[in-house]
Amino acid sequence: MDENAHSSDDALLRRFKGGDDSAIEVLYQRYAASFYKLTRAKGFKHEDADDIVQASFLKIVSGIMNYDENRGSGTAWMWSV
């Protein structure tokens, strides 16, 4: 199995920040469903929830250089983006 699958969120964010694109794929697989469920729970329609999940991950990708593991957990950072 891929070593990324067993890595912590912080480790995956560090790898992605360092140029390992496979790390964001693992994070997407790990969190997209949770992001979607939260969005649906807030009352968004299916199509809108899908769009919000995609936009959220685009913000994570575009903001990765702002991620600082010394300022808190990577999981909290992703949810705050």
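The values are calculated or read from the model by the stated rules, or taken from the named source; none is laboratory data. Predicted model only: the values in this text are computed from it and were never measured. Cβ coordinates were reconstructed from backbone atoms using ideal geometry, including for glycine residues, and neighbour counts include every protein chain displayed. Heads up: the accessible areas ignore ligands, DNA and RNA and are worked out on the full protein's heavy atoms, side chains in. Shrake-Rupley method; radii C 1.70, N 1.55, O 1.52, S 1.80 Å.
Would you pick out the residues in the stretch 62-81 that are open to solvent by 60 Å² or more (accessible area, probe 1.4 Å) and under 16 Å from Val26 (Cα atoms)?
Trp79
Looking at the stretch 18-35, is at least one residue of a type in the set (A, V, I, L, M), surrounded by fewer than 16 Cβ atoms within 10 Å (Cβ to Cβ) and over 14 Å from the mean Cα position of the chain (by Cα)?
Looking for residues that are of a type in the set (A, V, I, L, M), surrounded by fewer than 16 Cβ atoms within 10 Å (Cβ to Cβ) and over 14 Å from the mean Cα position of the chain (by Cα), one finds none in the stretch 18-35, hence no.
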